[in-house]
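Have a look at the structure below before the remarks.
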Amino acid sequence: MKPMRAVLLAGVLAAAFLSGCASVKPWERETLALPGMQVDAEPLISACDDHIYFSREASKGGRSYGGGGCGCN
């Protein structure tokens, strides 16, 4: 009975991983390139928010920053 569960589980996992594969047609790339579809749709607002957070918390980190939190940067 257990080998049957393993085969079923492997089949379900394979179906889940393969269902995410999709090919994008050249005429569909315009829609995917819109600013709203980017990982960070508003980079300027994110940079301002990060600066405000850094200024208030006196620390950097978590968003690919290096350095200390003295506030003199």
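No value in this document is a laboratory result; all are computed from the given coordinates. Bear in mind that the values here come from a model prediction, so they are computed numbers and not experimental data. Please note: Cβ atoms are built from the backbone with ideal geometry, for glycine as well, and neighbour counts cover all protein chains shown.
Results, tabulated for the structure shown:
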{"quantity": "Cα gyration tensor shape of the range 4-54, rounded if a/c is under 1.5, else prolate or oblate by comparing a/b with b/c", "calculated": "oblate"}
{"quantity": "Neighbour net charge for residue 37 - beta-carbon separation under 14 angstrom, K R +1, D E -1", "calculated": "-3"}
{"quantity": "Order by protection proxy (mean Cβ within 10 Å, highest first), peptides 26-38, 42-54", "calculated": "42-54, 26-38"}
